[in-house]
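Report on the following structure.
The values are calculated or read from the model by the stated rules, or taken from the named source; none is laboratory data. Predicted model only: the values in this text are computed from it and were never measured. Reconstructed Cβ throughout: ideal geometry from the backbone, glycine too, with neighbour counts over all protein chains shown. For the accessible areas, the whole protein counts, side chains as well, though only heavy atoms, and no ligand, DNA or RNA atoms are used. Shrake-Rupley method; radii C 1.70, N 1.55, O 1.52, S 1.80 Å.
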Amino acid sequence: MPMYQVKPYHGGSESLQVELPSCMYRLPKVHGRTSCPVRDVGHVQESSDPSLQALESRQDDILKRLYELKAAVDGLSKMIQTPDADLDVTNIIQAAEPTALSTNALDLNSVLGKDYGALKDIVINANPASPPLSLLVLHQLLCDHYRVLSTVHTHSAVKSVPENLLRCFGEQTKKQPRHEYQLGFTLIWKNVPKTQMKFSVQTMCPIEGEGNIARFLFSLFGQKHNAVNLTLIDSWVDIAILQLKEGGSKEKAAVFRSMNSALGKSPWLVGNELTVADVVLWSVLQQTGGCSEPAPANVQKWMRACENLAPFNTALRLLK
């Protein structure tokens, strides 16, 4: 006897008829029946959609720009990987540079900061035993381009300062209200190991070293140089401080040879224009007394050219 009974799905003794599918699934025809045979039955293209055409056109433009960008990058990489080893940077000098010190209009607020109602005052602490001649030269040059309020003070720890250093800025010929000046230049004779400068006494750390201060002061003239000349200028300033001022006789002789070679190609150390390199090197030469041997001809000519300029001549009188 069975456990349970199930009713039959079909009646009687008739055979079960099941219609099996002839394909997995059916799709509607994408083309009408024509007498012409279909060339490519695997892919039948309907009429193009305008939005699809616009998308394809945009893709082609993007790919074209990418190919152009790749070609430009490849060209730059070849230039970097194969530099011109025979390039002499000392010969790259701007052809149309003026012979005199040219300056562009410079917004002092962009360099010294904006402080409404207050005079932008540059304060320098210098040791009277080693007066920074380059800064005195730059002070005279600044006076030619800005309305500068110049003052000299002596720190209480300094017992005595020569009279010529107390009057190194000369007499203030034009007396004006303080707010009419564009720039303040205060020199304090103080017993410091290195010359120091601040232009924001309360908020900044001092800039130390005659060369670094000279770089900053010369930037106030707004001169524009290419990257090669800027590198050469910085190099000459470092040579003046590290080799000429602090080096031995052999290092000084090497500096004179380099100067003689550079001055044989141009009237100034970097091109046809006075730069901070000329100011600092001239100052160090005056302070150290030069080399034991006579200076080369080009260097002597350059020194006379410096001393013919009024700011250099004024600073030179302080040593006498």
In region 245-261, the residues that are farther than 15 Å from CYS306 by Cβ and open to solvent by less than 20 Å² (accessible area, probe 1.4 Å): GLY247, VAL255, PHE256
Extreme residue, farthest from SER130 (Cα to Cα), among residues of region 235-258 that are without any contact (Cβ under 8 Å) to a residue 24 or more places away in the chain and of a type in the set (D, E, K, R): LYS250
Residue ID - nearest to the chain's Cα centre (by Cα), chosen from residues in region 251-282 that are part of a helix (DSSP H, G or I) and charged (D, E, K, R): ASP278
Odd one out for ASN313, checked against (1) polar (S, T, N, Q); (2) loosely packed, with under 14 Cβ neighbours inside 10 Å; (3) closer than 16 Å to LEU138 by Cβ; (4) in contact (Cβ under 8 Å) with a residue 40 or more places away in the chain: (4)
Single residue of region 262-294 satisfying the filter (closer than 21 Å to GLN140 by Cβ and among the charged types (D, E, K, R)) that is surrounded by the most Cβ atoms within 10 Å (Cβ to Cβ): ASP278
